[in-house]
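Everything below concerns the one structure shown next.
The values are calculated or read from the model by the stated rules, or taken from the named source; none is laboratory data. What you see is a predicted model, and the numbers here were worked out from it, not measured in a lab. No Cβ is skipped: glycine too gets one built from the backbone with ideal geometry, and neighbour counts run over all protein chains shown. Ligands, DNA and RNA are excluded from the accessible area calculation, which covers all protein heavy atoms including side chains. Shrake-Rupley method; radii C 1.70, N 1.55, O 1.52, S 1.80 Å.
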Amino acid sequence: MSEKFRNYSVTIILSLFIIIFLLLSIIMPDKEISLTERRELEQFPKISQENILNGSFSEKFEKYTLDQFPMRENFRFIKSTFSFYAMQKAENNGIYIADGYASKLEYPLNNKSLTYATDRIKYVYKKYFSESNSKLYYSIIPDKNYFLAEQNNYPSINYTELVNTVKAELSYGNYIDIFPKLEINDYYRTDTHWRQEKIGDVAEYIANQMNIPYSDNYTVKELDTPFYGVYYGQIALPMKPDKLCIIEKSSFDKLRIFDYETKAEIGIYDMQKVNGADAYEMYLSGSKSLITIDNPSSLSDRELVIFRDSFGSSLIPYFADSYKKIIIIDIRYIHPDYLGKFVKFNNNSDVLFIYSTLVLNNSITIK
C-alpha cells in the first residue's frame with residue numbers, strides 16, 4: 001500500500017467521522033439532564049451581540065458541544081475503562097473503586113469548615129433551645145472513605161481529629177458515637193448514602209443513648225427497581241446496581257407527615273421518585289427544608305427536633321414510633337432565623353444534630 005493511498009484513506013475516514021457526528025449532532029435532540037451524572041446539561045446559548053463581544057457565547061457554546069456530543073455516555077465509558085484498566089489510574093473524576101465500592105476522595109480535613117458548622121449548630125441551639133429544658137444530642141455519620149481510603153492507600157481526612165474538634169466545640173451537648181456501629185456493607189456500593197435496611201442497630205443505639213422507647217417491630221421490603229447511585233454515573237464504569245429496600249411498620253399508615261415547602265401532607269416514602277434521577281430521594285421525599293411527623297399512637301409524649309442532612313431521610317422513619325411529634329429540619333435549605341415563623345418548639349424537646357462527615361467538611365451549604 002502506497003503512502004499516498006494511506007494518506008487518502010485516513011483523510012476520507014476522518015472526514016466521514018466528522019460528517020457523521022456533525023449530522024448526528026444536528027438531528028439528535030438536545031438532552032436537558034444527564035441521569036448518570038445527576039446534573040443539567042448545557043443548552044445552546046443565546047445569540048446576541050453582547051454575548052458574542054464579551055466572549056460568553058463561545059465559552060457556553062464549547063460547554064454545549066461537549067455536553068450534547070452524540071454518544072457522549074458511550075465515550076465516557078470508553079475513556080474511564082481505558083484510564084482505569086489500561087492506564088492503571090487510581091481514580092476518575094475524584095472517584096475510586098475499592099473492595100467493590102465506589103467512593104469520592106475527601107481530603108484534606110477542612111478545619112475552617114468544621115468551625116463554621118459547629119458555629120451554626122451553636123447559633124441554632126442558643127437561639128431556640130438554650131433557655132429551655134431541652135436536651136442537646138449530636139452525632140456524626142462517617143462517609144465511606146472511613147472504611148476504604150486509608151486501607152486502600154488513598155488519602156483520607158483524620159476522622160479522629162474531626163470528631164474531637166466537633167466534641168470540643170459542642171462540649172455542652174451529648175455526643176452519640178455511631179462509628180463503631182457501622183461497617184462498609186451498611187452503605188450502597190454505587191452511592192454516597194447508607195442503606196436503610198442496614199441501620200436498624202444504629203437507630204436503636206441512638207434511641208437508647210437518648211433514653212427514648214424504641215420499637216424494632218418492622219419488616220424489610222425489597223423494591224424491584226435497580227438503584228444506580230450518584231457515583232455510578234460520575235465514575236462511568238460498569239458496576240452492578242444496588243438494591244433498594246424500605247422498612248415498613250403498621251404505624252406508618254397513621255402518621256401525619258406535613259411538608260412545609262409544598263404545604264401538603266406527604267408519605268413516609270415517595271414511591272414516584274424510585275424511577276427518578278435519584279431514587280434515594282424516595283425517603284421522606286428527599287431534600288426538604290422543614291417536615292413534621294405527628295404520631296397519635298406513639299410510645300411516648302415526647303418531641304424530637306432533628307437537624308439533619310440527606311442521611312437522616314432514611315434514618316428518621318425508625319424513630320416514628322418513639323415520638324409524638326418529630327420536627328425535621330435541614331438548614332442547608334432554610335435559614336435558622338425563619339424557623340420560628342413556622343414551628344413552635346416544645347420546652348422539653350430532644351434536640352439531635354446529625355450530620356455526615358461530608359457535610360461537616362464542606363459546610364458552606366449550611367445557612
Self-check item: Nearest-10 value in Å² for the accessible area of Thr225, using the 1.4 Å probe
Solution: 40 Å²
Exercise. Could you rank the peptides 141-149, 331-339, 197-205 by their average count of other C-beta atoms within 10 Å per residue, with the highest value first?
Key: 141-149, 197-205, 331-339
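So how do Thr115, Thr165 rank on accessible area, 1.4 Å probe, biggest first, that is with the largest at the start?
Values: Thr115 65, Thr165 40 Å².
Of Thr115, Thr165, the descending order of accessible area is Thr115, Thr165.
Too long at a 22 Å Cα-Cα cut-off: which of Lys112/Lys167; Lys249/Lys344; Lys122/Lys263?
Check vs 22 Å cut-off fails for Lys249/Lys344; Lys122/Lys263.
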Self-check item: Local net charge near Tyr280, Cβ-Cβ under 9 Å (Lys/Arg +1, Asp/Glu -1)
Solution: -2
Self-check item: Pairwise label distance in nanometres, Ala168 with Asp224, each label 7 Å out on the Cα-Cβ vector
Solution: 5.5 nm
Quiz item: Lys126 to Phe179: extension gain in nm, 0.36 nm per residue of separation minus the Cα-Cα distance?
Solution: 16.4 nm
Practice problem: Calculate one ³J(HN,Hα) per residue across the range 179-190 by plugging θ = phi - 60° into the Karplus curve 6.51 cos²θ - 1.76 cosθ + 1.60, and present them in order as whole Hz with x for glycine and proline. | Solution: 3, x, 8, 10, 9, 4, 6, 7, 10, 5, 6, 9
